[in-house]
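Here, each number is a calculation from the coordinates, and none is a lab measurement. Everything numeric in this text was worked out from a predicted model, so none of it was measured. Glycine also receives a Cβ, built like all others from the backbone with ideal geometry; neighbour counts cover every protein chain displayed.
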Ligand SMILES: O=CC(=O)O
């Protein structure tokens, strides 16, 4: 099939050479600017598009898919998470969905580790002292944090990013525990010296740090609900580089405010909630603006993956990174 005939709608500006390469191969319209795209504009653009390239800031739900033109046959997401796309409805309508796994694994795990260090070693509190000019010099008991070595890291979701987190935490001397839908096979589990817990409650209860690394799906929504959060040690901290929806953010906020948890490092928040202002007030909480995969390298490689998925589809094959409902 000549790819030139395929009409592609891109909702955000992508790295320049990704955009340039896409424009060589397809008939591309970048309908967005560098802001999330307005829904009406997206719907209008989808009337005569063959391929949509969205990002996580676009909600591709059943009403939007119902309003799209008949030609839409591929949603080539620029990003790994697909919780903003109704994959089941897309499939029913004969629309394939692909994502960009693998290329953001190491960078997201780096950020998970950075958050863990920042919270346990109270880095942002220290930095605030320097910025506010109130540091009074070294003192034996000032800003004491917690050592990572010897502590138990509980990884919720042992996919690519969870395993990358485990490798890093091992290097810091942490003990690795995890909960996953399926136990890893021995070839993966043994080098990580990771202990599998079939019961999430058990993992939550023993961990000094919980790292959320599972995708957001209907079955992981509020997996860390108020009941489970209460099973955590009061000295424990939680780190989330996945999706806000996996944690009941209101319950987490209440517990952090009440001192029932020692801290949190969050890169992601519940959709539509914005950042809870009460989280911003807490010194033991480090907040980042969803930047786990924000390296130049990852964003470039994500673009290259999108291009491969589009080209493979245009050549009449299934995109290599196709997402099907049974994976979710
Ligand atoms: O969160 C980032 C992604 O899903 O790619």
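In the chain, helical runs assigned H by DSSP with n ≥ 4 each contribute -39500 (n - 2.57); averaged across all residues and rounded to the nearest 500, the mean residue ellipticity at 222 nm is -10000 deg cm²/dmol.
Treating r as the C-beta distance of residue 5 and residue 33 and R0 as 35 Å, the FRET efficiency rounds to 0.85. Evaluated at q = 0.07 Å⁻¹, a Debye calculation over the C-alpha positions of the chain (equal weights, vacuum) places log10 I(q)/I(0) at -0.32. GNM remark for the chain: springs join alpha carbons under 10 Å apart, and the peak mean-square fluctuation among 276, 99, 213 falls on 276. Computed over the Cα atoms of the range 113-182, the ratio of the radius of gyration to the Kirkwood radius (Rg/Rh) comes to 1.13.
What is the gain in length, in nm to one decimal, between residue 13 and residue 66 on full extension, counting 0.36 nm per residue of separation less the C-alpha to C-alpha distance?
Numbers: separation 53, 0.36 × 53 = 19.08 nm, distance 2.54 nm.
Value of the extension gain: 16.5 nm.
Across the range 105-287, counting alpha-carbon atoms alone, Rg and Dmax equal 16.1, 52 Å.
Roughly how large, in nm² to one decimal, is the mean projection of the convex hull of the alpha-carbon atoms in the range 74-128?
Numbers: hull surface 20.9 nm².
Reported value for the Cα convex hull: 5.2 nm².
Here each label is just a point 7 Å from Cα along the line to Cβ, and for residue 231 and residue 297 those points are 3.7 nm apart. Among 306, 31, 323, a tally of other beta-carbon atoms within 10 Å of each Cβ gives an order, fewest to most, of 31, 323, 306. Exposure proxy ranking for 249, 125, based on other Cβ atoms within 10 angstrom of each Cβ and starting from the fewest, stands as 125, 249. Pull out a ≥ b ≥ c, the square roots of the eigenvalues of the alpha-carbon gyration tensor of the range 144-242, then state rounded if a/c is under 1.5, prolate if not and a/b is larger than b/c, and oblate in the remaining case. Oblate. Each label was represented as a point 7 Å from its Cα along the Cα-to-Cβ direction; for residue 47 and residue 328 these points are 2.8 nm apart.
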